[in-house]
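What follows is a set of notes on a single structure, which appears directly below.
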Amino acid sequence: DQIRRLLERDKTPLAILLMAAVVGTVTGLVGVAFEKAVTWVQNQRIGALAQVADHAILLWPLAFILSALLAMVGYFLVRKFAPEAGGSG
């Protein structure tokens, strides 16, 4: 009975509810894709370092270079897509 009263009271058009569901679904999928992409990049970096783990003379410079390259990519992405976020931590 309470559900029926709630449905009668709520006058939100069905089209808006469907659009909200689509936006929520797409946002969730983008979030999952971003998390998977970050995990992939981390795995690639660790895999590259694992290949030279036996050679200490290569390990530290390669770790430094890979980290610097990833930082440069992050800087470029912030400058291009979210310049207002620059310098915020």
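Can you spot a residue in the range 39-52 that is assigned to a loop (DSSP other than H, G, I, E, B) and either surrounded by 10 or more Cβ atoms within 10 Å (Cβ to Cβ) or out of contact with any Phe, Trp or Tyr (no Cβ under 9 Å at 6 or more places or on another chain) (or both)?
Yes, the range 39-52 has at least one match.
Hey, does the range 12-34 have a residue that's without any contact (Cβ under 8 Å) to a residue 24 or more places away in the chain, touching a helix residue (DSSP H, G or I) at 6+ places or on another chain (Cβ under 6 Å), in a loop (DSSP other than H, G, I, E, B) and of a type outside the set (Lys, Arg)?
Checking the range 12-34: not a single residue is without any contact (Cβ under 8 Å) to a residue 24 or more places away in the chain, touching a helix residue (DSSP H, G or I) at 6+ places or on another chain (Cβ under 6 Å), in a loop (DSSP other than H, G, I, E, B) and of a type outside the set (Lys, Arg).
FYI, it's all coordinate maths here, none of it is from the lab. Worth saying up front: this structure is predicted, and the values here are computed from it rather than measured. As a convention, Cβ positions derive from the backbone with ideal geometry for all residues, glycine included, and neighbour counts pool all protein chains shown.
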